[in-house]
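Here is the structure we will look at, set down as structure tokens.
The values are calculated or read from the model by the stated rules, or taken from the named source; none is laboratory data. The model shown is predicted, which means the values in this text are computed figures rather than measured ones. Cβ sites come from the backbone with ideal geometry, for glycine too, and all protein chains shown count toward neighbours. When the accessible area is computed, the model is the full protein with side chains, heavy atoms only, and any ligands, DNA or RNA have been set aside. Shrake-Rupley method; radii C 1.70, N 1.55, O 1.52, S 1.80 Å.
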Amino acid sequence: MIKNAHFENTMFNLENKTVFITGCGSGIGLETAKIAIELGARVYGTVFSEEQSTTVKKILPRECIYKVNVKNSEEVTTALNKAVSHSGQLNGVVAVAGTLSLQPSIQTNDIIWHDTIDTNLSGSFYLARAAIPYLEKQESGSIVFVSSQIGLVGHPIGAAYAASKAGISGLTKSMAVELASKSTRVNAVAPGPIISDMTAAARADSERYEALLADIPMGRFGKPEEIANTINFLLSEASSFITGQVIVADGGFTAH
């Protein structure tokens, strides 16, 4: 049997790559870090609490973990710079850190609005902006944002969240066009309902939970590792001709 050398060289792996992940203290971010490590990457990440730091220390050395408020561009940039200084390179970044706040628009005060937009959208942009100079030095680089199906179809009590995630879709496409000639790809993953802290309240309410399941053709919530697998695929050279895309992983929710 003749082996395809090109296929072997572009297998789904992250060997000899350095990846920086915001929000790696739980859920999708934590699973993304675990899988990236399994695929051979050197991983650095941010957390927002000591409790999360304790969790992440089980998979990452202390010097690879940074307590950061992603709404603060200086903190994001400083952490990334320290990671690159320690590793000597940067091949990919993943903006997972986010917040979810659901209430009618009339109850969405300025504090809630700005906290949601600044965390989800601005925090993602700060990471990407800080990473660009380093990624451009590599033969290829990858930026992965985390959007949401809510950014595509909306939510009756989620104006701020939907706006922040829809903004990520626009950010993804604009930066992809801007950076394509510099060998840096930019994509986003838009998860549907996932088993995580963000959906704990919905899953605890049996009526609400059953209503959500009824809208998902696959009949279940996704697992954090399923989204993490997609993210790591986009970080790898196996996705070398994919840029400017928002890949929806929602069990079919947006297909109808």
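Note on segment 172-220: residues that are in contact with a strand residue (DSSP E or B) (Cβ under 6 Å, 6 or more places away or on another chain) and at pLDDT below 90 total 1.
Scanning segment 87-113 for residues that are in a helix (DSSP H, G or I) and out of contact with any Lys or Arg (no Cβ under 9 Å at 6 or more places or on another chain) turns up 105, 106, 107, 110, 111, 112, 113.
So is residue 87 in contact with a strand residue (DSSP E or B) (Cβ under 7 Å, 6 or more places away or on another chain), of a type outside the set (A, V, I, L, M) and closer than 30 Å to residue 13 by Cα or not? So residue 87 passes the test.
Restricting segment 212-239 to residues that are within 11 Å of residue 192 (Cα to Cα) and under 12 Å from the mean Cα position of the chain (by Cα) leaves a set whose member that is surrounded by the fewest Cβ atoms within 10 Å (Cβ to Cβ) is 224.
When each of 213, 234, 179 is tested for being touching a helix residue (DSSP H, G or I) at 6+ places or on another chain (Cβ under 9 Å) and either over 20 Å from residue 128 (Cβ atoms) or in a helix (DSSP H, G or I) (or both), the lone residue that passes is 179. Remark: pairs (first residue in segment 190-204, more than 19 Å from residue 147 (Cβ to Cβ) and polar (S, T, N, Q); second residue modelled with pLDDT of 75 or more and in a loop (DSSP other than H, G, I, E, B); Cβ separation under 9 Å; 6+ apart in sequence or on different chains) are absent.
How many residues does segment 66-84 contain that are surrounded by 17 or more Cβ atoms within 10 Å (Cβ to Cβ), basic (Lys, Arg) and touching a strand residue (DSSP E or B) at 6+ places or on another chain (Cβ under 7 Å)? Going through segment 66-84 one residue at a time, the tally reaches 0. Candidates are the residues of segment 17-42 that are assigned to a helix (DSSP H, G or I), in contact (Cβ under 8 Å) with a residue 60 or more places away in the chain and β-branched (Val, Ile, Thr); the one that is farthest from residue 84 (Cα to Cα) is 28.
Using beta carbons and a limit of 6 Å, which pairs, at least six apart or on different chains, have the first residue in segment 231-256 and within 15 Å of residue 93 (Cβ to Cβ) and the second one assigned to a helix (DSSP H, G or I) and open to solvent by less than 50 Å² (accessible area, probe 1.4 Å)? That search, which allows pairs on different chains as well, returns 231/32; 232/35; 232/36; 243/176.
For first residues located in segment 75-96 and within 14 Å of residue 128 (Cα to Cα), partners that are at pLDDT 95 or above and basic (Lys, Arg) and lie 6+ apart or on another chain with Cβ distances below 6 Å form the pairs 91/17. If you go through segment 135-153 and keep only what is part of a helix (DSSP H, G or I) and open to solvent by less than 50 Å² (accessible area, probe 1.4 Å), you end up with 135, 150, 151.
Within the bounds of segment 108-115, is there any residue that is more than 15 Å from the chain's Cα centre (by Cα), modelled with pLDDT of 95 or more, open to solvent by less than 30 Å² (accessible area, probe 1.4 Å) and of a type outside the set (S, T, N, Q)? No: zero hits.
Residues of segment 154-169 that are aliphatic (A, V, I, L, M) and in a helix (DSSP H, G or I): 159, 160, 162, 163, 166, 168.
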